Amino acid sequence: MRGELPPIAFLRAFSRAAETLSLKEAAADLNLSPSAVSRQIQSLEAHLGVTLFRRLNPGLEVTEEGLRYLETVNRVLGELRRAQDALAGPRSGPLRVSALESFTESWLVPHLSDFERAHPGIELQVEATLRYADFERDPVDVAIRFGTGPWAGLHSEPIVDLTYFPVCSPALGGSALREPADLRWHTIIHVSQTPDAWSEWLRQAGVPGLRPKRSVTYDHLSIALSAAESGHGVALSSDFLCAQRLATGRLRAPFEFRARSASTYHLVCRPEGLDDPRIVALRNWLVEALREAERLRPAQPRVRRNRLRGSAPLGSSRL
């Protein structure tokens, strides 16, 4: 047995478990049950005659032998995928897009019909996700990631200059929120993926160190916006992510000031993906569509900045 190579399924189970350090998450990625992933890893360990993981409660920890083996396994799986893509010949079939859930729900899906009209020959297969796609192992051609970039071994470029601002229910009357300092009397709503967004907005708005009446945090932007819409507090968003809610009056922007974000949405692909005309078409369409949405937004003057008495400036942070 030691002379035979293990099945690819065992290697993929090992790779995903090492990446997530969770049998449950690895199983979800592979469309298997946690017990099936566990059995595959145990079979791989028996085949190799080494222990790849230390089982913790909860979670996993990769052993030193496992880490050495993982480096080779990931490289081999990546090479196999690239070889398979090369054998496929001219690029055809769906363009597999992994996009963050907030971007997919709030902007991409409502505008997909525009892309389809412009490029009727390109079929998109979109996966909305909260995690970054792994280009070495996942069946993905292009991704939309949020951050500052770059990402090692990948081509990445920003597709929008992002500004953001508070939004709330129209039920919070104008007298309740006339200027940023009034936020001290309200609940502010955080999103866990962007924990520093509020502190940076307050700093740029001229009220660093402001302490709100209450804070609450949600995992997803869509939930945060729904909470704000229901009158449970004030959230942060950007024009293109909440345009429909603003246009229909479900949300309002109480202040005119928009803070500029150091992080933004990036198009990410393998370096060789730049030779794929489908990816180039998607990239060009995204840039132009987002630029047009920004152009159509009415110009907003900057709000007068007010500093809380006794407050001191905070250091810069990233959205």
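The values are calculated or read from the model by the stated rules, or taken from the named source; none is laboratory data. Quantities reported herein were computed from a predicted structural model and do not represent experimental measurements. Glycine gets a Cβ as well: all are built from the backbone with ideal geometry, and neighbour counts include every protein chain shown. Areas reflect the complete protein model, heavy atoms only, side chains present, ligands, DNA and RNA absent. Shrake-Rupley method; radii C 1.70, N 1.55, O 1.52, S 1.80 Å.
Taking every alpha-carbon pair under 8 Å whose residues sit at least 6 apart, the chain reaches a relative contact order of 20 percent.
Ligands, DNA and RNA left out, the 1.4 Å accessible surface of the chain is 51% carbon and sulfur atoms.
Accessible area per residue of the chain at 1.4 Å probe, in Å²?
Here the residues of the chain average 53 Å² of exposed surface.
Placing a pseudo-label 7 Å from each Cα along the Cα-to-Cβ vector at Val109 and Thr51 gives an inter-label distance of 4.6 nm. The phi torsions of the stretch 121-131, fed into the Karplus equation with coefficients 6.51, -1.76 and 1.60 and a -60° offset, translate into couplings of x, 10, 9, 9, 10, 9, 10, 8, 8, 9, 10 Hz, rounded to whole numbers, with Gly and Pro shown as x. Working from Cα pairs under 8 Å separated by at least six residues, relative contact order for the stretch 89-195 is 28 percent. Packing here is the average count of other Cβ atoms within 10 Å per residue, and on that basis the peptides 263-276, 212-225, highest first, run 263-276, 212-225.
Simple spin-label estimate for Gln244 and Asp161 gives 2.7 nm between the two label positions (7 Å along the Cα-to-Cβ direction from each Cα). Per residue, the average separation of C-alpha pairs within less than 8 Å and at least 6 apart gives the stretch 1-110 a relative contact order of 22 percent. Packing, as the average of other Cβ atoms within 10 Å across residues, places the peptides 187-194, 231-238 in the order 231-238, 187-194, highest first. Applying 1/(1 + (r/R0)^6) with R0 = 51 Å to the Cβ-Cβ distance of Asn284 and Lys24, what FRET efficiency is obtained, to the nearest 0.05? Approximately 0.85, to the nearest 0.05.
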